[in-house]
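The values are calculated or read from the model by the stated rules, or taken from the named source; none is laboratory data. What you see is a predicted model, and the numbers here were worked out from it, not measured in a lab. Counting neighbours? That spans all protein chains shown, and the Cβs are built from the backbone with ideal geometry, glycine included.
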Amino acid sequence: MSYSKISFFSEDISFTLKDKTKVRNWIQSAIRAEGYSTGTLNFIFCSDSYLLTINQQYLNHDTYTDIITFDTSEEENKIEGDIFISIERVKENAKQFNTQTADELHRVIIHGVLHLLGYKDKSKKDKDLMTQKEDHYLSTRFPA
């Protein structure tokens, strides 16, 4: 059985993702293009402080971040996980990079998906590939 469920939640903030169905389809097509299938993916939109607590508690990092991805995959070539995204950080980044908040949010969403697909971003080489993949998948997105 091929079971796939992509869900969007918010914790400690009021946030509703626009175009959920289009975003779901876009995520699915990116995952399929990488040769994977999708199990349960949960995107949890939250505040900086909520994500900082997770960062401290689970990763022993005392820093703000825009995203934390937890891989819960158990089958080969099938991704599953929980992706926590700070909406405050996304808005700040959008201002800093002079881009639309929706575009930055979609970049962060696909960034989390790419992590679940096995892409890393610690070295310059890995980060360059990750950015290249983000740009590619952003270009395949539905029209805004």
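Is it the case that Ser7 is on the phi < 0 side of the Ramachandran plot, touching a residue at least 60 places away in the same chain (Cβ under 8 Å), surrounded by fewer than 16 Cβ atoms within 10 Å (Cβ to Cβ) and within 15 Å of the chain's Cα centre (by Cα)? Answer is no for this residue. Restricting the first member to region 32-61 and to residues that are of a type in the set (Asp, Glu), and the second to residues that are modelled with pLDDT of 95 or more and part of a loop (DSSP other than H, G, I, E, B), the beta-carbon pairs closer than 7 Å and six or more apart or on different chains are Glu34/Leu117.
All conditions but one from (1) farther than 20 Å from Ile13 by Cβ; (2) surrounded by 11 or more Cβ atoms within 10 Å (Cβ to Cβ); (3) of a type outside the set (A, V, I, L, M, F, W, C) apply to Ser139; the one that does not is (2).
How about region 91-117: which of its residues are in contact with a strand residue (DSSP E or B) (Cβ under 9 Å, 6 or more places away or on another chain) and outside any helix (DSSP H, G or I)? The one that is in contact with a strand residue (DSSP E or B) (Cβ under 9 Å, 6 or more places away or on another chain) and outside any helix (DSSP H, G or I): Leu117.
Checked against (1) within 15 Å of Ala102 (Cα to Cα); (2) surrounded by fewer than 14 Cβ atoms within 10 Å (Cβ to Cβ), Leu17 passes all but a single condition, namely (2).
Scanning region 59-87 for residues that are of a type outside the set (Val, Ile, Thr), surrounded by 13 or more Cβ atoms within 10 Å (Cβ to Cβ) and closer than 22 Å to Arg24 by Cα returns Asp66, Phe70, Asp71, Ser73, Lys78, Glu80, Gly81, Asp82, Phe84, Ser86. Per the conditions (1) under 18 Å from Phe8 (Cα atoms); (2) touching a residue at least 40 places away in the same chain (Cβ under 8 Å), the sole criterion not satisfied by Arg107 is (2).
Only a single item in (1) closer than 25 Å to Asp135 by Cα; (2) free of Cβ contacts under 8 Å to residues at least 24 places away in the same chain; (3) more than 15 Å from the chain's Cα centre (by Cα) is not met by Asn77, and it is number (2).
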